[in-house]
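Undergrad: One structure, pasted below without further comment.
The values are calculated or read from the model by the stated rules, or taken from the named source; none is laboratory data. Just so it is clear, the structure is predicted and the values come from calculations on it, not from any experiment. Quick reminder, even Gly has a Cβ in these numbers, built from the backbone with ideal geometry, and neighbours come from all protein chains shown. In case anyone asks, the SASA skips ligands and DNA or RNA and just uses the protein heavy atoms, side chains included. Shrake-Rupley method; radii C 1.70, N 1.55, O 1.52, S 1.80 Å.
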Amino acid sequence: MNLFQMLERSARSINGERPAVTFEGDERSFVALRDRSLRLARGLHGAGVQPGDRVAVLMGNRHEWPEVLFGIAALGAVCVPVNVLLTGREVRHVCSDSEVRCLVVDELGEPRLEDLEDPPELIVRVGEQYESLPEQELPPGPTASDVLIHYYSSGTTGLPKAAVHTHENVLWNSFGQIIDIGLGPDVRYLVVPSLSWAAGFHNLMLGLVFTGGSSILMPTGGLTVDRIVDAIEREHATHVMLVPSLLRQVGDDAGALERLRRSTLSWIVSGAEPVPAPLVEQLGEELPDCRVCQGYGMSEFPTIATLLAPEEAVERAGSAGRPLSHTDLAVKRDDGTIADDGRGELLMRSPATMTGYYGKPEETAEALADGWLHTGDLVEVDEQQYVTIVGRTKDMIISGGLNVYPKEIEDVLAMLPGVGEVAVVGVPDERFGEAPVAVLVPREGESVDEDALEHTCRAELSGYKRPRAVLMHDGPLPRNPTGKL
């Protein structure tokens, strides 16, 4: 099937009148979502969009976003999500790189249009224009192997690249989560990430379209712990995904923890970067009736490739878990050999994995060499396939010829009382080539004891791994729009 046919299946089933998506108290059933998605597909086609055309979507979370995705899927066009938090330069890059023909935009994305020197030939604004597009009968629907979506990488190491996914890739990604997370019709998932992120639609939400569960959209921007907890209480949410930076704020908020203990919440999934082990242990104790687990995934898919089972969250704190049933893992060691376990670059293989990077054959060949997706993440994988993220291949510091992994140092410093955030980077060093330097953000109202810091580094880290300097930072560490450091 294609993605639209998955929605069609639920609309025709006993779940058809159940709420598929809720936004700001307004519920839309699977039948309503199907009907409005079909109307939009015919409208886009009437406006000139053809199968295979790239359609950029520059919107905040709202009811129209799922309609646009499923409408594009029904037409056989290609969806190009664009985050409204991107700068004009970044939006220009996405539209140019994907050769976008049509752009769907709401009031949050409208200001970015001024920055487009060569805008797409067709711009559809949410509102009266969106609702009154002239409709034209659709051509036959796409096949499972047709391209559905371009997801741009976070771009922390250069210009973002578009990971190309077919309908089949996206469906496999959803089915793996249904099986391994146990998604059913009674799940009520609070969608905190922007739908423009890969995690937005593709962590739980599309799986729930298949099983008849409900998704409650949080508005884009202005997120606070209070607003999230309010929504969990108001909507009786059972599942939520929180990036580690938000998860830390929950752990620091005694009032929020007390409210969550009394709520319907039974699952918290975290990802985007490793969750500090002390935080996992704290939340496991504070929220005994809520499963707190972390996963690992990529814009190249699967978006949840590994998951640490909730009952293992404390015992194996710091691990990203084991691969889901639709994912194979391997390790590329320093000598270039590929093995089932050990230390090295993480390799993944799954029917959910991208077909390549759009318009970039050399980068595609490099990323998919030897039949594996080369993730660029350094890991340790044990004999039972539990994955522990060590760092990024490009983040590795080589000091005096020795490999230093920033995450190992960050984990040690994160255990210190008073530390809210920590980042370790390599800086030029005349003697050793590179040396690690740590940046700490104290928790609000607290301080970090320098004697304790020095003692901990000497006790827990070899000499070449100890930070040459520790810089105190009085504000949150900078992050990109997807929350990555």
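Undergrad: Any idea how many residues of segment 465-485 are closer than 14 Å to Val412 by Cβ and either of a type in the set (S, T, N, Q) or open to solvent by 40 Å² or more (accessible area, probe 1.4 Å) (or both)? Spell out how you get there, then give the answer.
TA: Taking segment 465-485 first, the residues closer than 14 Å to Val412 by Cβ are 465-467, 470.
Now restrict to residues that are either of a type in the set (S, T, N, Q) or open to solvent by 40 Å² or more (accessible area, probe 1.4 Å) (or both): 466, 470.
Counting residues in segment 465-485 that are closer than 14 Å to Val412 by Cβ and either of a type in the set (S, T, N, Q) or open to solvent by 40 Å² or more (accessible area, probe 1.4 Å) (or both) gives 2.
Undergrad: Now for a different question. Take the residues in segment 375-407 that are open to solvent by less than 30 Å² (accessible area, probe 1.4 Å), assigned to a strand (DSSP E or B) and not aliphatic (A, V, I, L, M); name whichever of them is farthest from Asp97 (Cα to Cα). Talk me through it step by step, then tell me what you get.
TA: Applying the first criterion (open to solvent by less than 30 Å² (accessible area, probe 1.4 Å)) to segment 375-407 yields 375-379, 381, 386-387, 389-391, 397, 399, 404-407.
This time we only want the ones that are assigned to a strand (DSSP E or B), so: 375-379, 381, 387, 389-391, 397, 399, 404.
Still in the running and not aliphatic (A, V, I, L, M): 375-377, 391, 399.
Values: Thr375: 22, Gly376: 22, Asp377: 25, Gly391: 29, Ser399: 37 Å.
Result: Ser399.
Undergrad: Of all residues in segment 428-443, count the ones that are under 17 Å from Gly400 (Cα atoms) and surrounded by fewer than 20 Cβ atoms within 10 Å (Cβ to Cβ). Please lay out each step first, then the result.
TA: Kept after step one, since they are under 17 Å from Gly400 (Cα atoms), are these residues of segment 428-443: 428-437.
Among the residues that remain, those that are also surrounded by fewer than 20 Cβ atoms within 10 Å (Cβ to Cβ) are: 428-434, 437.
Result for segment 428-443: 8.
Undergrad: Keeping to segment 247-288, report how many residues are of a type in the set (Val, Ile, Thr) and in a helix (DSSP H, G or I). I'd like the intermediate steps shown before the answer.
TA: Pass one, segment 247-288, residues of a type in the set (Val, Ile, Thr): 250, 264, 268-269, 275, 280.
Narrowing further to those that are in a helix (DSSP H, G or I): 250, 280.
Residues that pass the stated criteria total 2.
Undergrad: Would segment 287-307 turn up any residue that is open to solvent by 50 Å² or more (accessible area, probe 1.4 Å), of a type outside the set (Lys, Arg), more than 17 Å from the chain's Cα centre (by Cα) and under 30 Å from Asp253 (Cα atoms)? Lay out the reasoning, then the answer.
TA: At the first step, the residues of segment 287-307 found to be open to solvent by 50 Å² or more (accessible area, probe 1.4 Å) are 288-289, 291.
The next check asks that each one be of a type outside the set (Lys, Arg); those that pass are 288-289.
Next cut, more than 17 Å from the chain's Cα centre (by Cα) only: 288-289.
Restricting the remaining residues to those that are under 30 Å from Asp253 (Cα atoms) gives 288-289.
Yes, segment 287-307 has at least one match.
Undergrad: Please determine whether any residue of segment 59-66 is over 23 Å from Gly184 (Cβ atoms), acidic (Asp, Glu) and assigned to a helix (DSSP H, G or I). Let's see the steps before the verdict.
TA: Taking segment 59-66 and keeping what is over 23 Å from Gly184 (Cβ atoms), we get 59-65.
Then keep just the ones that are acidic (Asp, Glu); that gives 64.
Now drop any that are not assigned to a helix (DSSP H, G or I), which leaves 64.
Scanning segment 59-66, I find at least one residue that is over 23 Å from Gly184 (Cβ atoms), acidic (Asp, Glu) and assigned to a helix (DSSP H, G or I), so the answer is yes.
Undergrad: Where residues in segment 302-317 are assigned to a loop (DSSP other than H, G, I, E, B) and in contact with a strand residue (DSSP E or B) (Cβ under 6 Å, 6 or more places away or on another chain), which of them is nearest to Asp411 (Cα to Cα)?
TA: Start the filter on segment 302-317 by keeping residues that are assigned to a loop (DSSP other than H, G, I, E, B), which leaves 302-305, 308-309, 313-317.
Within this subset, residues satisfying the condition of being in contact with a strand residue (DSSP E or B) (Cβ under 6 Å, 6 or more places away or on another chain) are 304-305, 308, 313.
Numbers: Ile304: 23, Ala305: 23, Leu308: 18, Ala313: 16 Å.
Among them, the one singled out is Ala313.
Undergrad: Among all residue pairs at least 6 apart or on different chains, which show Cβ distances below 7 Å where the first residue, located in segment 1-25, is outside any helix (DSSP H, G or I) and the second is among the aromatic types (Phe, Trp, Tyr)?
TA: Asn15/Phe30; Gly16/Phe30; Arg18/Phe30; Ala20/Phe30
Undergrad: So is Arg62 more than 15 Å from Glu121 (Cβ to Cβ) and basic (Lys, Arg) or not?
TA: Working: more than 15 Å from Glu121 (Cβ to Cβ): yes; basic (Lys, Arg): yes.
So Arg62 fits the description; yes.
Undergrad: Restricting attention to segment 344-373, which residues are surrounded by fewer than 19 Cβ atoms within 10 Å (Cβ to Cβ) and among the acidic types (Asp, Glu)?
TA: The answer is Glu362, Glu363, Glu366, Asp370.
Undergrad: So, in segment 135-164, of the ones that are open to solvent by 80 Å² or more (accessible area, probe 1.4 Å) and not hydroxyl-bearing (Ser, Thr, Tyr), which residue ends up modelled with the lowest pLDDT?
TA: We begin by selecting, within segment 135-164, every residue open to solvent by 80 Å² or more (accessible area, probe 1.4 Å); these are 135-137, 140, 145, 156-157, 159.
With the extra rule that they be not hydroxyl-bearing (Ser, Thr, Tyr), the set shrinks to 135-137, 140, 159.
Details: Glu135: 97, Gln136: 98, Glu137: 97, Pro140: 95, Leu159: 74.
Going through the qualifying residues, I end up with Leu159.
Undergrad: Across segment 416-437, which residue is farthest from Asp474 (Cα to Cα) among those that are part of a strand (DSSP E or B) and among the hydrophobic types (A, V, I, L, M, F, W, C)?
TA: Let us first name the residues in segment 416-437 that are part of a strand (DSSP E or B), namely 419-429, 433-437.
Filter once more, so that each one left must be among the hydrophobic types (A, V, I, L, M, F, W, C): 419, 422-425, 427, 435, 437.
Details: Val419: 11, Val422: 12, Ala423: 13, Val424: 16, Val425: 18, Val427: 21, Ala435: 23, Val437: 17 Å.
That would be Ala435.
Undergrad: OK, next. Just to be sure I understand, how many residues within segment 408-427 are open to solvent by 60 Å² or more (accessible area, probe 1.4 Å) and under 25 Å from the mean Cα position of the chain (by Cα)? Before the answer, list the steps.
TA: Taking segment 408-427 first, the residues open to solvent by 60 Å² or more (accessible area, probe 1.4 Å) are 408, 411, 415, 417, 425.
Next, from what is left, pick out any that are under 25 Å from the mean Cα position of the chain (by Cα): 408, 411, 425.
Here the count works out to 3.
Undergrad: Give me the residue from segment 247-272 that is in contact with a Pro (Cβ under 9 Å, 6 or more places away or on another chain) and open to solvent by 40 Å² or more (accessible area, probe 1.4 Å) and, out of that set, nearest to Thr306 (Cα to Cα).
TA: Across segment 247-272, the extreme among qualifying residues is Ala272.
Undergrad: Does Pro120 satisfy the criteria of being open to solvent by less than 30 Å² (accessible area, probe 1.4 Å) and part of a loop (DSSP other than H, G, I, E, B)? Steps first, please.
TA: On the way: open to solvent by less than 30 Å² (accessible area, probe 1.4 Å): yes; part of a loop (DSSP other than H, G, I, E, B): yes.
Against the criterion (open to solvent by less than 30 Å² (accessible area, probe 1.4 Å) and part of a loop (DSSP other than H, G, I, E, B)), Pro120 qualifies.
Undergrad: For segment 319-343, give me the residue count where each residue is open to solvent by 60 Å² or more (accessible area, probe 1.4 Å), farther than 18 Å from Thr303 by Cβ and without any contact (Cβ under 8 Å) to a residue 24 or more places away in the chain. Let's see the steps before the verdict.
TA: The first filter runs over segment 319-343 and keeps only residues open to solvent by 60 Å² or more (accessible area, probe 1.4 Å), leaving 322, 325, 328, 332-335, 337-338, 340, 343.
Among the residues that remain, those that are also farther than 18 Å from Thr303 by Cβ are: 332-335, 337-338, 340, 343.
Going one step further and asking which of them are without any contact (Cβ under 8 Å) to a residue 24 or more places away in the chain, we end up with 333-335, 337.
Qualifying residue count for the region: 4.
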